[in-house]
Amino acid sequence: MKAATVTQLKKELKHKDEDELLNICLRLSKFKKENKELLTYLLFESDYEPGYVTLIKESIDEQFEALNTRNYYWMKKSIRKILRETKKYIRYSGNKETEVQLLLYFCEKMHAVRPAIRNNNTLRNLYLRQLEYIHKKIEALHEDLHLDYYNALEKLN
């Protein structure tokens with residue numbers, strides 16, 4: 001079965017009544033954990049973005065505390081997993097400022113990890129790529145926010 005395009009889905013959803021839309025959303029939430037997480041964000045968290053950012057930062061803290069630092073192989077796997085989850089939460093929000101805040105926080109936590117990431121090429125390159133990505137995202141933000149985020153970015157360099 002070939003999936004319909006977003007435009008086709010949008011047109012079809014316009015023809016559904018409220019009860020049918022509710023049933024579709026509930027059924028969709030049963031199939032994947034990500035669908036349920038996105039619905040949770042949209043229904044409960046999207047109204048107060050700073051609270052959502054704080055919640056995700058706490059999640060990042062917990063994951064970095066549980067980080068396996070016995071060798072760099074396990075550190076790489078764990079850090080990539082944390083980054084993947086962080087980007088998933090950023091995708092839910094869709095807010096550029098939230099994206100910059102969470103990625104800066106991720107890089108701060110990654111910079112503080114011991115043993116140091118500078119001793120491993122893969123982790124160091126991952127870190128540097130994220131810093132470059134943050135730099136590009138800061139440029140897309142409102143001009144008033146540039147200075148604050150550039151100062152935070154400079155601390156990480």
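The table that follows gives values for the structure above.
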| item | result |
| --- | --- |
| Selection within the range 65-88 - in contact with a Leu (Cβ under 7 Å, 6 or more places away or on another chain) and closer than 29 Å to LEU38 by Cβ | LYS76, SER78, ILE79, THR86 |
| TYR133 being farther than 21 Å from ILE56 by Cβ and surrounded by fewer than 19 Cβ atoms within 10 Å (Cβ to Cβ) | no |
| Extreme residue, surrounded by the fewest Cβ atoms within 10 Å (Cβ to Cβ), among residues of the range 36-93 that are touching a helix residue (DSSP H, G or I) at 6+ places or on another chain (Cβ under 6 Å) and basic (Lys, Arg) | LYS36 |
| Some residue of the range 115-137 being closer than 15 Å to VAL53 by Cβ, free of Cβ contacts under 8 Å to residues at least 24 places away in the same chain and out of contact with any Ser or Thr (no Cβ under 8 Å at 6 or more places or on another chain) | no |
| Failed condition for SER29, given (1) out of contact with any Leu (no Cβ under 8 Å at 6 or more places or on another chain); (2) farther than 28 Å from ASN151 by Cα | (1) |
| Helices (runs of 4 or more DSSP H) wholly inside the range 56-157 containing at least 2 residues that are modelled with pLDDT of 90 or more | 72-93, 96-111, 121-139 |
| Residue match in the range 70-83 (condition: of a type outside the set (Gly, Ala, Ser), under 28 Å from GLU143 (Cα atoms) and out of contact with any His (no Cβ under 7 Å at 6 or more places or on another chain)) | yes |
| Residue list for the range 11-55, filter: acidic (Asp, Glu) and either outside any loop (DSSP other than H, G, I, E, B) or more than 20 Å from TYR92 (Cβ to Cβ) (or both) | GLU12, ASP17, GLU18, ASP19, GLU20, GLU34, GLU37, GLU45, GLU49 |
| Residue within the range 73-93 that is farther than 30 Å from LEU26 by Cα and polar (S, T, N, Q) present | yes |
| Exclusive hit being of a type in the set (A, V, I, L, M), over 22 Å from TYR48 (Cα atoms) and within 19 Å of the chain's Cα centre (by Cα), set LEU83, LEU104 | LEU83 |
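The values are calculated or read from the model by the stated rules, or taken from the named source; none is laboratory data. Note that the coordinates shown come from a computational prediction; the quantities given were computed from them, not determined experimentally. All Cβ positions, glycine included, derive from the backbone under ideal geometry; neighbour counts span all protein chains shown.
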